[in-house]
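Asks: Below you will find the structure I want to go over with you.
The values are calculated or read from the model by the stated rules, or taken from the named source; none is laboratory data. Being a predicted model, the structure only gives us computed values, none of them experimental. Cβ sites come from the backbone with ideal geometry, for glycine too, and all protein chains shown count toward neighbours. Heads up: the accessible areas ignore ligands, DNA and RNA and are worked out on the full protein's heavy atoms, side chains in. Shrake-Rupley method; radii C 1.70, N 1.55, O 1.52, S 1.80 Å.
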Amino acid sequence: MMRASKPWQGLKANFYGNNFLVLITVVLFIAIYVAGVFIYRDKNFGSLNSFFDMLNSNPGLIIIAAGMTMVLISGGIDISVGSQVAMYCMMFAYFMENRQANAYAMILIVLVTGVVFGLVQGALVAYLNIQPFIVTLAGMFFARGMTAMISPQTIDITNADFMALALRRIQVPFGGYVNAAGVYQTPFVYLSVVLALVGLLAVYAVMTWTRFGRNVYAVGGGEQSARLMGVDTKRTKLAVYTFNGFLTAFGGFLFCLFSTGGAVEKAQGFEMQAIASAVIGGALLTGGVGNVIGSFFGVLVQTTIVKFINFNGTLANGWSNIVLAVIMSFFIILQSVFAYVRRRRE
Amino acid sequence: MPDPLIRMRGITKRFPGVIALDGVDFTLQPGEVHALMGENGAGKSTLVKVLTGAEAFEEGKIFLGGSDTPIVNHSPQEAQTRGISTVYQEVNLCPNLSVAENLFVGRQPRRLAFVRWGEIRRRARSIMADIGVGIDVEKPLESYSIAVQQMVAIGRAIDMAAQVLILDEPTSSLNESEVRTLFELVRRLKGQGLGIVFITHFLEQVYEVCDRITVLRNGRLAGEYAIETLPRKDLVAAMLGRAFDDLAEIRVAGAAPTATTVPTVSARGLGVHGGVKPFDLNIYPGEVYGLAGLLGSGRTEVARAVYGADSHDTGTLAVKGKPIACSPRDSLKAGLAFCPESRKDEGCVAELTVRENIVLAEQTKRGAFRLIPRDEQEAIAGKYADLLQIKTASLETPIKQLSGGNQQKVILARWLATQPDFLILDEPTRGIDIGTKTEIQKLCVQLAAAGMSVLFISSEIDEMLRTCGRIGVMRDLAKVGELSGDELSSSAVMAQIAGGRHDEA
């Protein structure tokens with residue numbers, strides 16, 4: 001009985017203090033969503049199908065936001081992830097379509113590429129003490145350049161194995177609705193969403209229950225302190241960027257399952273969406289604070305806003321960015337207020 | 001008698017150009033609190049760093065316990081495995097993590113690969129209860145005061161099976177009741193047979209909690225004493241390296257200001273929370289006022305509070321009878337000038353020329369949008385370069401090419417160029433040659449004769465006696481006395497610095 005309750009105590013400890021911000025994100029998401037359900041009650045906003053659509057179109061972002069959160073917690077940043085995603089999509093498209101590569105072999109190759117990419121960036125950050133922003137800025141240009149080197153053309157994926165994975169649906173036997181034509185719409189998620197959620201939970205587990213994960217929090221909270229307490233800070237940072245490289249490749253794969261094609265301009269600004277999700281989810285860019293579950297809700301908040309604008313039908317797309325800007329400002333101000341209140345209390 | 005916990009013998013450590021430690025011996029017995037005293041640069045921190053493996057050393061041997069095999073610690077972690085833990089002046093914990101987690105960072109108990117949170121919390125509670133701090137260990141460290149954080153650091157150090165606990169200025173951020181709690185804990189640990197090395201600037205605390213004192217001076221061992229055999233006066237003399245009476249006493253004939261004179265600067269109960277304790281200070285036109293005290297006694301803090309570099313929490317400040325808002329900009333406009341202690345960090349702009357460095361403060365005073373014309377800049381710079389005899393190839397030479405003494409003169413010129421009524425000089429003569437020193441001292445007296453008020457901070461009592469009409473004495477962040485006229489003598493100043501009751505002196 002005692003033993004069974006331990007993981008939940010760990011969870012509870014994790015929701016103390018700054019993780020209160022995560023709670024606010026969750027509440028905010030629910031509030032926006034419920035508002036949407038009421039405002040668009042004639043348009044099936046509240047149906048499970050509509051909710052699943054949000055997940056179905058964002059499996060890549062869910063994973064990459066989780067990886068970004070980990071990097072931010074360590075006190076770093078990785079702005080190369082968007083370009084990396086474009087490069088991985090192009091690798092899939094070019095090698096499967098133009099070189100008849102095996103889909104499963106390609107998944108493996110992409111994941112290994114991601115690990116190597118992260119390892120190099122991590123080595124530069126950890127052992128040569130170069131600013132992560134600069135290192136990953138270089139990584140960003142490099143990956144985007146490599147994408148064009150592989151192929152400057154837009155390539156659509158038709159590989160049968162890959163498309164089978166991309167279109168694999170997991171249906172849910174409840175919560176659907178009958179559309180205008182009188183046909184029952186069964187809610188479903190793609191396989192990629194299931195993979196994304198499993199990956200998300202795995203990252204959460206690593207961050208919460210492994211010494212590596214705790215060291216990442218320690219390094220972000222105070223690198224010098226962490227070193228004096230016996231944490232190998234350089235190795236921890238190397239591992240952070242390497243792990244993030246893996247997650248970026250995995251996210252790139254999931255992104256590709258959704259977009260099924262490669263193009264030089266794919267996933268532009270994706271890194272900024274990931275950072276936005278992490279920040280809305282309660283991560284601080286100064287490091288030490290954040291939660292990968294929070295970043296998932298950050299993704300949901302962002303996609304809900306887009307959905308809002310789309311459901312309205314008359315609003316210009318620009319509104320979704322403006323609303324996002326407002327919500328992010330709201331969060332940053334909230335964080336400052338919390339920091340201020342804490343200082344006042346002391 | 002039990003074997004000593006640590007014997008350090010003939011430790012020598014060189015940095016490029018200086019010998020930081022020169023054949024120092026240090027012995028720590030079990031069950032004692034051993035103070036390590038000395039002015040800054042005496043080698044206290046270096047000795048501790050050598051012991052904990054944070055610094056390598058060239059000569060000498062370190063023995064643990066009764067063993068005759070010398071040991072060398074290569075890293076703080078290695079020292080820790082030998083039972084030597086250190087609590088640093090700044091809290092070296094992670095504020096974002098819970099108290100419980102901080103106690104176990106880098107050494108979390110695990111089952112398979114998974115951190116055992118239940119175990120961590122259980123043991124954390126017992127550690128904190130053990131040292132008498134009943135707090136919720138699941139809250140983040142940053143939600144507690146610095147004192148509690150320091151206790152957590154100590155809890156961590158003790159739990160790592162420490163035989164030796166090194167406390168490197170742990171009390172500088174604590175208030176009195178927090179210090180008392182810490183000392184209770186120190187006494188308890190002493191009773192359990194730990195050896196505790198205690199480094200502090202506060203003399204009172206040394207006499208309150210320590211059993212033995214090792215004094216270092218300029219990298220050499222000045223002596224090891226039992227606390228009962230070393231009165232405060234002698235401790236200060238040992239730290240500063242001279243007896244009370246062997247100084248030539250040079251007086252400055254300075255008339256005490258009359259009660260009707262309006263002071264240039266007048267502070268009433270000025271204090272900074274967690275910094276300098278409330279003090280009164282009146283400085284009159286035409287006087288050089290000295291602030292004496294050991295390093296860390298609060299001399300600089302007084303200057304910063306008066307200048308508005310640190311905002312005060314209590315008291316009032318008036319310039320020429322008028323109350324003044326507290327910011328460096330307002331102070332500058334009111335005719336105050338502050339020439340800070342560390343000219344490298346706070347004074348020189350290394351890349352700029354002598355001329356640019358000299359006009360910097362005057363330009364600030366006039367506002368960024370009213371650029372001083374080039375010829376006026378040259379006139380100002382030329383005037384003060386002549387007045388202070390700054391040795392430079394030209395006014396357009398980058399200041400980094402000048403010697404330390406001349407850099408100091410440039411900084412001085414910068415503040416003189418603002419034509420202040422009140423000039424604060426924090427250690428203006430440190431690290432410069434004797435000739436330049438004398439020039440700067442003369443200049444202070446001349447400036448005062450011309451009607452300026454000067455606040456002069458120095459570690460050298462001789463120098464202060466030569467230049468100052470009155471001397472305020474700081475100890476443990478409080479102004480403890482003021483000497484003027486016939487009271488001015490090096491023994492009187494030193495006695496005030498040492499403090500304590502008269503029967504102890």
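Yes or no, residue by residue, for (1) open to solvent by less than 30 Å² (accessible area, probe 1.4 Å); (2) within 13 Å of another protein chain (Cβ to nearest Cβ); (3) among the acidic types (Asp, Glu):
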{"residue": "A:Arg227", "(1), (2), (3)": "no, yes, no"}
{"residue": "A:Thr236", "(1), (2), (3)": "yes, yes, no"}
{"residue": "A:Phe246", "(1), (2), (3)": "no, no, no"}
{"residue": "A:Gly252", "(1), (2), (3)": "yes, no, no"}
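Asks: For region A:166-193, give me each residue that is polar (S, T, N, Q) and part of a loop (DSSP other than H, G, I, E, B).
Replies: Listed by number, the residues that qualify are A:Asn179, A:Thr186.
Asks: Output the qualifying pairs, or none if there are none: Cβ atoms under 6 angstrom, residues six or more apart or on different chains, first residue in region A:285-299 and more than 14 Å from chain B (Cβ to nearest Cβ), second residue among the β-branched types (Val, Ile, Thr) and open to solvent by 10 Å² or more (accessible area, probe 1.4 Å).
Replies: Partner pairs satisfying both residue conditions: A:Phe297/A:Val26.
Asks: Can you name the condition, by its number, that A:Ile134 falls short on among (1) part of a helix (DSSP H, G or I); (2) open to solvent by less than 30 Å² (accessible area, probe 1.4 Å); (3) closer than 22 Å to A:Leu238 by Cβ?
Replies: Evaluating A:Ile134 over (1) part of a helix (DSSP H, G or I); (2) open to solvent by less than 30 Å² (accessible area, probe 1.4 Å); (3) closer than 22 Å to A:Leu238 by Cβ leaves (2) as the failure.
Asks: Residues in region B:74-104 that are open to solvent by 10 Å² or more (accessible area, probe 1.4 Å) and either hydroxyl-bearing (Ser, Thr, Tyr) or more than 10 Å from every other protein chain (Cβ to nearest Cβ) (or both): how many?
Replies: Count: 9.
Asks: Continuing with this model, one more query. List every residue pair whose Cβ atoms sit under 6 Å apart, with the two residues 6 or more apart in sequence or on different chains, where the first one lies in region B:146-171 and is open to solvent by 30 Å² or more (accessible area, probe 1.4 Å) and the second, anywhere, is part of a helix (DSSP H, G or I).
Replies: Qualifying pairs under 6 Å: B:Asp159/B:Ile127; B:Met160/B:Gln80.
Asks: Still on this structure, I have one more. Take the conditions surrounded by 22 or more Cβ atoms within 10 Å (Cβ to Cβ) and more than 9 Å from chain B (Cβ to nearest Cβ) and apply them to A:Val198. Does it pass?
Replies: No; evaluated as a whole, the condition is false for this residue.
Asks: Looking at region B:274-348, what strands (runs of 3 or more DSSP E) fall wholly within it and have at least 1 residues that are open to solvent by 40 Å² or more (accessible area, probe 1.4 Å), touching a Gly at 6+ places or on another chain (Cβ under 9 Å) and without any contact (Cβ under 8 Å) to a residue 60 or more places away in the chain?
Replies: B:314-319
Asks: Anything in region A:161-197 that is out of contact with any strand residue (DSSP E or B) (no Cβ under 7 Å at 6 or more places or on another chain) and without any contact (Cβ under 8 Å) to a residue 12 or more places away in the chain? List them, or say none.
Replies: Result: A:Ala164, A:Ala180, A:Ala181, A:Gly182, A:Val183.
Asks: Residues in region A:179-195: is at least one within 14 Å of chain B (Cβ to nearest Cβ), within 30 Å of A:Phe52 (Cα to Cα) and open to solvent by 40 Å² or more (accessible area, probe 1.4 Å)?
Replies: no
Asks: How do the pairs read when you match residues in region B:105-130 that are within 10 Å of chain A (Cβ to nearest Cβ) with residues anywhere that are in a strand (DSSP E or B) and surrounded by fewer than 19 Cβ atoms within 10 Å (Cβ to Cβ), using Cβ under 7 Å and keeping only pairs 6 or more apart or on different chains?
Replies: Correct list of pairs: B:Arg116/B:Arg110.
Asks: Identify, by number, the condition in (1) among the charged types (D, E, K, R); (2) closer than 21 Å to B:Arg187 by Cα; (3) more than 9 Å from chain A (Cβ to nearest Cβ) that B:Arg156 doesn't meet.
Replies: The single condition B:Arg156 does not satisfy is (3).
Asks: Could you name every one of the strands (runs of 3 or more DSSP E) located completely within region B:183-242 that has at least 1 residues being open to solvent by 50 Å² or more (accessible area, probe 1.4 Å)?
Replies: B:212-217, B:220-226
Asks: I've got another one for you. Testing B:Val50 on (1) surrounded by fewer than 22 Cβ atoms within 10 Å (Cβ to Cβ); (2) not in a loop (DSSP other than H, G, I, E, B), one condition comes back false. Which one is that?
Replies: (1)
Asks: Among the residues of region B:174-182, are any open to solvent by less than 20 Å² (accessible area, probe 1.4 Å) and either assigned to a helix (DSSP H, G or I) or away from every other protein chain (no Cβ under 11 Å) (or both)?
Replies: yes
Asks: Looking only at region B:43-74, filter to residues that are more than 31 Å from the chain's Cα centre (by Cα) and polar (S, T, N, Q); which one of those is nearest to B:Val164 (Cα to Cα)?
Replies: Only one residue tops the list, namely B:Ser67.
Asks: Identify all residues within region B:131-143 that are in contact (Cβ under 8 Å) with a residue 40 or more places away in the chain, open to solvent by 30 Å² or more (accessible area, probe 1.4 Å) and within 8 Å of chain A (Cβ to nearest Cβ); write none if there are none.
Replies: Across region B:131-143, the qualifying residues are B:Lys139, B:Glu142.
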